[in-house]
Structure formats: structure tokens, C-alpha cells
There are 2 protein chains.
Amino acid sequence: MPRIHFHQQLDALKDKLLAMAALSQQAVQAAVDAYLQRDPGLCQYVRDNEAAINLAHREVDEMAYELLAKEQPMAIDLRFILSVIKINSDLERIGDQSMGIARRTLDLLEYESADLPVDVGGMGEVASRMIRTAIQALLDADALVAESVMTMDDEIDRMNRVARSGLIGVIQETPDVTIQALNGILISRSLERIADHASNIAADVIFWVRGADVRHQLSLAVD
Amino acid sequence: MPRIHFHQQLDALKDKLLAMAALSQQAVQAAVDAYLQRDPGLCQYVRDNEAAINLAHREVDEMAYELLAKEQPMAIDLRFILSVIKINSDLERIGDQSMGIARRTLDLLEYESADLPVDVGGMGEVASRMIRTAIQALLDADALVAESVMTMDDEIDRMNRVARSGLIGVIQETPDVTIQALNGILISRSLERIADHASNIAADVIFWVRGADVRHQLSLAVD
């Protein structure tokens with residue numbers, strides 16, 4: 001019964017991808033908490049977690065490659081495996097962006113604390129919800145849920161624009177917190193890019209379920 | 001002679017990817033020139049070019065998917081097709097980053113010209129050379145040439161760090177050019193990320209040629 005065996009392997013691939021997704025979600029959460037609590041230990045945690053993400057990334061890729069090499073998956077199974085490869089790459093980049101946030105936070109900790117007009121907690125929540133929902137769409141093979149992720153992207157784009165212009169104002173009015181405000185701008189941008197990756201994941205789920213590439217039909221933020 | 005036909009299709013896939021690479025390289029060049037010449041027309045060109053990139057991106061993906069679906073490529077051919085899918089995605093993101101540069105440049109044009117300590121021309125040259133060399137490595141199936149791309153990445157990381165600290169200094173000393181300097185920081189960062197994508201492409205070439213994933217063995221910049 002080779003097909004049954006094949007479907008077990010597909011399930012195993014999905015499980016491995018879910019483990020990878022959990023690591024990425026953890027990275028975002030820890031990076032946001034590190035910023036909110038000004039905690040260098042959490043920054044270090046994000047760094048350690050990054051090694052686990054890189055390992056998981058390689059394992060998912062290898063498993064997908066093995067499946068493509070040894071079986072001859074057709075149509076929807078093939079699309080699923082290709083989607084896994086792409087989702088895996090977006091999850092890895094979410095880890096990269098989380099590392100960027102942790103690095104900017106460490107930078108911030110060298111300076112006096114400043115009250116910055118950037119809602120890192122709120123943006124982190126929207127970004128996390130987008131990743132969670134995209135993964136849920138993957139689990140349920142639900143293109144409608146995936147589409148909802150892509151609309152949430154507008155919200156975080158707006159938050160990023162508001163933060164950026166507020167932080168530019170801070171720099172102009174109180175130049176002695178320039179570095180803090182600049183780090184705020186970069187952290188806000190990283191959260192916005194994490195949301196972009198969640199949108200990419202949602203687009204890949206839609207490609208898998210419907211067999212159509214929606215990536216460039218909806219206008220994803222590319223900044 | 002289905003295998004001969006198959007290899008013709010692989011060649012066609014490589015040609016399509018090269019066309020995609022040309023569009024991405026053009027985007028970087030035009031975005032850098034737009035900045036250097038303060039030319040809104042070139043910014044618009046980057047925007048128009050982006051539509052062509054998105055179309056080419058979809059075409060390469062579909063062609064790769066067709067090949068995987070209809071043939072049963074083994075070992076090195078399979079690795080080649082998977083590499084093409086990944087390289088295609090990095091090229092598309094190079095286009096995204098070029099759009100970001102064009103957008104920041106348009107932003108800059110609304111303000112008085114300021115003399116900023118960021119070598120956009122020089123960074124653009126290094127980034128373009130990295131893309132060109134990575135594509136050359138792909139054409140020649142040359143892992144050593146691909147490795148040389150990954151060492152060039154250090155150079156542009158250094159340039160980005162120098163630019164960032166110089167531009168922070170400018171903001172602190174002359175707050176009335178804050179927005180210009182901030183745009184300089186973001187453009188410098190985009191060029192550094194373009195170089196990261198070129199490094200990713202080089203890593204994919206090595207994966208194709210050697211069958212080993214080097215991505216996380218060398219420490220790519222992830223900021």
C-alpha cells in the first residue's frame with residue numbers, strides 16, 4: 001500500500017512544518033516581549049531559538065526534497081509539497097526578522113529608556129494573529145481563512161505608517177533620543193515585514209487549495 | 001526521446017529564470033540611478049518594471065511546477081528545479097527591495113537635497129556584482145564562484161554599518177535633515193538586503209551543484 005505510506009509521509013511533513021511554525025511564532029513573541037520588558041535575557045533566547053529554527057528549516061526542506069525525489073506526487077500533493085517549501089522559507093525569514101528585533105532591542109538597552117510612540121505590543125499581536133491564522137488555514141485547507149490573513153495586512157501597514165511618522169516627529173523635536181527612535185522605526189518595520197511573510201504563507205495556502213497563484217493579484221506590501 | 005525533450009524544457013526554464021534575473025538586476029540599477037540622479041521618472045520606471053517582474057515570477061513558478069508535475073525528475077534535475085523555485089523567489093524580493101528604494105527616493109525628492117554620508121552608488125555596485133556573479137555561478141554550475149558571492153556579503157554589511165552610524169550622526173547634528181537621513185538609512189538597508197538575496201541565490205546554486213544545503217553553515221546576515 002504505497003499510497004497510504006505516502007500519505008503518512010505527507011502528514012509527517014505537515015507535522016514538521018507545524019513544529020517549525022511554532023518556533024517562528026515563539027521567536028516573534030519572545031522578541032516583542034524582550035522589547036516590552038527591556039530584557040536582554042529574552043534577546044539571548046531569541047538568538048538561541050534561531051539556531052533551532054535554522055535546523056528545523058533544513059529538516060523540512062530535506063524531507064520535502066526526499067518526498068519529491070522518491071515518490072512522484074501529482075497535482076494537489078505536489079502543490080502541497082511546493083507550498084510547504086515556500087511556507088518553510090517564509091517561517092525562516094520570520095525568525096530572521098525576530099532576530100533583527102532582538103538585536104535592535106539590545107541596541108536600545110544601551111541607551112536611556114525613552115517613551116516612543118510605537119505600539120510594539122499591538123503590532124506584535126496583529127502579526128502573531130496573522131501567522132496563527134495562516135497556519136490554521138493550512139491545517140484546515142481553508143482558502144477563505146487564508147484570505148482573511150491578507151486583509152489583516154492592511155491594519156499592520158497602517159500601524160507601521162503611524163509609528164514611523166510619530167517617531168520621525170520625536171527625532172525632530174528631541175534629537176537626544178534619535179537612536180532610540182530610529183530603533184523604534186526599524187522594529188516597527190520588522191513587525192510589518194513579519195506580517196508580509198504571514199501574508200505570503202496565506203497566499204501559498206490558497207495556491208495549494210485552489211491551484212491558483214494569488215500572490216500578485218492582491219497587492220501585498222513590499223516595502 | 002522523452003529525456004531529450006525534458007532537457008530542452010530544463011533549458012527553457014533556465015532561460016526564463018535568466019530573463020527574470022535580468023529584470024531584477026535592471027530594477028536595482030534603475031533604483032540606484034533614480035537616487036543618484038534624483039529622477040522621479042526612473043522611480044516610475046522601477047514601478048512599471050515591478051509589474052513585469054511579478055509576471056515573470058509567476059511564469060517561472062508555473063513552468064517549474066509543470067516540469068515537476070509532468071516529468072519525474074531525479075536527483076540533480078530535481079535539485080535544479082527546486083533551486084530555480086527558490087532563486088526565483090529571491091529575485092522577486094530583490095525587485096521588492098528596489099521598489100522600496102524607489103519609494104524612499106520619491107520621498108526624498110519632496111525635501112531639499114542633503115549631502116548624506118551613504119555611498120549608494122558603491123553599495124549598488126557591490127550588490128549588482130553579487131547578483132551578476134551568483135547568476136554566472138548558476139550558468140556555469142560553479143560552486144566556487146557561488147562561494148565568492150557569499151564572501152562579498154561582508155563588504156556590503158560593513159558599508160551598511162558605516163552608513164548607518166554616519167547618518168545617525170547627521171540626524172543628531174542637523175535635525176532639519178532628519179527625514180533625508182532616515183531615508184538614507186532605509187535605502188542603505190535595502191541594498192544590504194538585496195545583497196542577502198544574492199547570497200541566498202549563491203547558496204541555492206551550491207545546493208544544486210553539490211547537493212548540500214550551506215545556507216545556515218555560513219552565517220548570512222539576517223538583519
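The values are calculated or read from the model by the stated rules, or taken from the named source; none is laboratory data. Computed from a predicted model, the values in this text were never measured in an experiment. All Cβ positions, glycine included, derive from the backbone under ideal geometry; neighbour counts span all protein chains shown.
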Picking from A:Ala102, A:Ala141, A:Ala114, which residue would you name as being modelled with pLDDT under 95, closer than 16 Å to A:Gln37 by Cβ and touching a helix residue (DSSP H, G or I) at 6+ places or on another chain (Cβ under 8 Å)? A:Ala114
Look through A:Val118, A:Val126 and report the one residue that is closer than 26 Å to A:Leu106 by Cβ and not in a helix (DSSP H, G or I). A:Val118
Tell me yes or no: at least one residue of segment A:177-188 is assigned to a helix (DSSP H, G or I), among the hydroxyl-bearing types (Ser, Thr, Tyr), closer than 22 Å to A:Ser128 by Cβ and in contact (Cβ under 8 Å) with a residue 24 or more places away in the chain. yes
Residue count, segment B:61-78, condition farther than 14 Å from A:Ile81 by Cα and among the hydrophobic types (A, V, I, L, M, F, W, C), comes to 5
Looking at the structure I just gave you, is A:Leu36 more than 14 Å from chain B (Cβ to nearest Cβ), in contact with a Phe, Trp or Tyr (Cβ under 9 Å, 6 or more places away or on another chain) and not acidic (Asp, Glu)? no
Any residue at all in segment B:73-89 that's facing chain A (nearest Cβ under 9 Å) and not in a helix (DSSP H, G or I)? yes
Can you tell me how many residues within segment A:181-207 are more than 14 Å from the chain's Cα centre (by Cα), surrounded by 24 or more Cβ atoms within 10 Å (Cβ to Cβ) and within 30 Å of A:Ala141 (Cα to Cα)? 2
Output the qualifying pairs, or none if there are none: Cβ atoms under 7 angstrom, residues six or more apart or on different chains, first residue in segment A:21-46 and touching a residue at least 12 places away in the same chain (Cβ under 8 Å), second residue of a type in the set (S, T, N, Q) and not in a helix (DSSP H, G or I). A:Arg38/A:Ser113
Within segment A:123-135, can one find any residue that is more than 21 Å from the chain's Cα centre (by Cα) and among the hydrophobic types (A, V, I, L, M, F, W, C)? no
Which residues, taken from segment A:83-95, are among the hydrophobic types (A, V, I, L, M, F, W, C) and surrounded by fewer than 24 Cβ atoms within 10 Å (Cβ to Cβ)? A:Ile85
Restricting the search to segment B:11-32, which residues are buried (at least 17 other Cβ atoms within 10 Å of the Cβ) and either in contact with an Asp or Glu (Cβ under 7 Å, 6 or more places away or on another chain) or hydrophobic (A, V, I, L, M, F, W, C) (or both)? B:Leu13, B:Lys16, B:Leu17, B:Met20, B:Ala21, B:Leu23, B:Ala27, B:Val28, B:Ala30, B:Ala31, B:Val32
State whether the residues of segment B:127-139 include one that is within 14 Å of chain A (Cβ to nearest Cβ) and either over 28 Å from B:Pro175 (Cβ atoms) or of a type in the set (Lys, Arg) (or both). no
Do you know which residues across segment B:196-217 are within 21 Å of A:Gln97 (Cβ to Cβ) and either at pLDDT 90 or above or more than 10 Å from chain A (Cβ to nearest Cβ) (or both)? B:Asp196, B:His197, B:Ala198, B:Ser199, B:Asn200, B:Ile201, B:Ala203, B:Asp204
Among the numbered criteria (1) buried (at least 21 other Cβ atoms within 10 Å of the Cβ); (2) facing chain B (nearest Cβ under 7 Å), which one does A:Val60 miss? (2)
In segment B:33-54, anything among the hydrophobic types (A, V, I, L, M, F, W, C), farther than 27 Å from B:Ala114 by Cβ and surrounded by 13 or more Cβ atoms within 10 Å (Cβ to Cβ) is listed as B:Ala52, B:Ile53
Could you say whether any residue in segment B:100-110 is touching an Asp or Glu at 6+ places or on another chain (Cβ under 8 Å), part of a helix (DSSP H, G or I), more than 9 Å from chain A (Cβ to nearest Cβ) and within 20 Å of B:Ala21 (Cα to Cα)? no
